[in-house]
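Working notes for the structure below.
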Amino acid sequence: MVKDQARMATGAATPSGYFGVKILDLARKLAQWSELPDGLSCTYFSVAHKAVATQLRDWMRSAGLDAKIDAVGNVVGRYASSIAGAKSLIVGSHYDTVVDAGQFDGRLGILTGLVVAEHLQLTGQRLPFHLDVVGFAEEEGVRFGAPYIGSAAVAGCFDESIFQRSDADGVSFAALAGEQGIDLAAIGALARRPQTLRGYLEVHIEQGPVLLQRELPLGIVTSIAGSARFRITVHGTAGHAGTVPMALRHDAAAAAAEIVLAVERRCAHGSTLVGTVGQLDVPHGAINVIAGACEFSLDIRAGDDATRDAAIADIFAALKDITERRGVTARITEIGRHAAVPCAPRMQSALAQAVARAGIEPFHLASGAGHDAAMFAGVTDIGMLFVRCGNGGISHSPLETVTAEDADLAARVLLDVLVNLD
Ligand code: HGY
Ligand code: MN
Ligand code: MN
């Protein structure tokens with residue numbers, strides 16, 4: 001019996017690959033809901049987003065969890081402990097996506113938690129803590145430019161200034177709340193008290209090439225990069241493309257282009273430093289008009305805040321030189337800043353031991369991507385398990401891919417951690 005218990009505990013009694021095949025199948029099913037006719041986009045409170053939330057809730061209920069959708073759209077499923085008044089351990093990630101996304105960013109972590117909770121329920125195993133599987137509603141920040149809305153609400157660091165933000169169509173968060181019946185007053189009540197939490201674990205695709213290159217299916221995350229996001233608008237002088245001599249121009253697009261290259265040059269110096277201009281637009285631009293304005297985004301990240309902040313200072317100094325020399329002006333709006341955070345040594349150790357028990361070399365690596373886990377740093381012990389990405393490690397792309405074998409290993413390691421957490 002004991003042997004069987006151990007086999008059941010680590011999922012060994014479940015046919016090898018079962019978890020992984022199920023995770024990929026469910027991910028494929030979730031991808032059927034999209035705002036795009038020919039790709040995956042699932043952004044905050046769209047029709048697709050709400051359909052995915054309902055499906056996740058129903059799957060959680062079928063798996064034996066007490067599941068509901070909370071005030072900001074998180075899907076929360078509890079597999080209760082046998083101990084009344086037990087603490088909770090959250091296994092979570094996000095179900096929203098970027099535009100033209102892959103199927104696994106965020107969703108892999110929710111579905112891994114789901115199949116593991118279902119296994120515990122089917123095998124009648126109760127844990128000394130409540131297991132809360134959570135699908136966070138808005139991590140990417142696509143609709144309102146504000147990431148981590150769902151996890152911030154649960155972690156108790158929700159920023160109410162988001163209520164004043166508007167999306168690309170001019171719909172404010174407050175108006176959306178009215179339309180969707182979001183009770184803004186109920187958001188504060190979602191915050192978990194730290195003393196009620198045993199920890200937070202997140203399984204996530206690596207979104208890079210490191211595990212692929214090292215031929216490892218899994219990795220243990222050491223830290224999550226700190227980031228700062230800005231919107232920058234350069235104002236110059238519009239003019240006729242054919243009649244204004246080059247030397248007399250104050251071309252906003254050319255100035256923006258020089259700033260983008262300054263970002264690229266500065267961020268080439270620093271092992272964990274990255275800088276990205278992912279959006280760039282000439283409002284009301286025309287082929288035969290010199291750009292009077294140019295708007296772009298700026299995303300700067302590093303493994304530590306000092307490196308990130310030094311790069312930002314240098315980039316803004318370069319921006320000042322460029323705009324003065326070109327006779328244009330720039331307005332910089334900071335839209336978000338998140339500190340670099342370490343993963344708890346206790347969680348890293350528990351993950352490493354489970355990875356080793358699965359016969360895999362425990363490999364530790366930092367995350368350049370941001371994750372919901374970062375919201376829980378300082379609230380409870382956080383841990384992250386990375387899963388190898390195929391196709392060169394690409395992510396935030398329809399080419400994002402993981403194998404059922406690796407997803408299965410991740411589920412078994414997560415199960416092992418949960419069953420053996422001290
Ligand atoms: O931007 C990020 O790092 C994450 O994908 N939200
Ligand atoms: Mn992402
Ligand atoms: Mn993600």
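Observations on the model:
- The amide H of residue 330, built 1.01 Å from its N in the peptide plane, has 235 as neighbours under 5 Å, considering only residues 5 or more places off or on other chains.
- By the Stokes-Einstein formula, at 1.002 mPa s and 20 °C, region 90-204 with its Kirkwood radius over alpha-carbon pairs has D equal to 137 µm²/s.
- Kirkwood radius and radius of gyration were both taken over the C-alpha atoms of region 257-387, and their ratio Rg/Rh is 1.12.
- Charge dipole (debye, nearest 20) of the chain; +1 at Cβ of Lys and Arg, -1 at Cβ of Asp and Glu: 680
- C-alpha long axis of helix 252-266 to longest principal axis of the chain, angle in °: 50
- Angle of helix 305-326 to the longest C-alpha principal axis of the chain, folded into 0 to 90 degrees and rounded to 10: 20°.
- Its convex hull of Cα atoms gives the chain a direction-averaged projected area, equal to a quarter of the hull surface, of 21.2 nm².
- Taking all C-alpha pairs of region 296-361, those more than 17 Å from each other amount to 62 percent.
- Projected label distance in nm at residue 306 and residue 346, using a 7 Å step from Cα toward the beta-carbon: 2.9
- Projecting the Cα atoms of 302, 288, 248 onto the dipole axis of region 201-306, where Lys and Arg carry +1 and Asp and Glu carry -1 at the beta carbon, places 248 farthest toward the positive end.
- Shape of region 326-374, Cα gyration tensor, a/c cut at 1.5: prolate
- Rounded to the nearest whole Hz, the Karplus-based 3J(HN,Hα) values (6.51 cos²θ - 1.76 cosθ + 1.60, θ = phi - 60°) of region 278-295 follow the sequence x, 10, 8, 8, 9, x, 6, x, 9, 4, 10, 10, 5, 5, x, 8, 8, 10, with x at glycine and proline.
- Label-point separation in nm, residue 16 to residue 125, each point 7 Å along Cα→Cβ: 1.9
- Cα-based radius of gyration for region 151-270, normalised by 2.2 N^0.38 Å, reads 1.69.
- Computed over the chain: relative contact order in percent, which uses C-alpha pairs under 8 Å that are six or more apart: 22
- Sorting 333-346, 293-306 by average packing, meaning the other beta carbons within 10 Å per residue, from highest down gives 293-306, 333-346.
- Note on residue 269: accessible area is roughly 130 Å² with a 1.4 Å probe, heavy atoms of protein only.
- Summed residue charge, Cβ within 11 Å of residue 382's Cβ, Lys/Arg positive, Asp/Glu negative: -2
- Neighbours of residue 81 by Cβ distance under 10 Å: Lys/Arg scored +1, Asp/Glu scored -1, total +4.
- Degrees between helix 18-30 axis and first principal axis of the chain (Cα, 0 to 90, nearest 10): 40
- Looking at the chain, the DSSP beta bridges with both ends there are about 70 percent antiparallel.
- The calculated 222 nm mean residue ellipticity attributable to helices in the chain amounts to -10500 deg cm²/dmol, summing -39500 (n - 2.57) over DSSP H runs of n ≥ 4 and dividing by all residues.
- Model label zone, residue 186; criterion: amide N under 11 Å from point 7 Å along Cα-to-beta-carbon; scope region 56-99: 69-74
The values are calculated or read from the model by the stated rules, or taken from the named source; none is laboratory data. This structure is a prediction, so every number in the text was calculated from the model and none was measured. Positions of Cβ are generated from backbone atoms using ideal geometry, with glycine treated the same way; all protein chains shown enter the neighbour counts. Side chains are part of the model used for accessible areas, which takes the heavy atoms of the whole protein and leaves out ligands, DNA and RNA. Shrake-Rupley method; radii C 1.70, N 1.55, O 1.52, S 1.80 Å.
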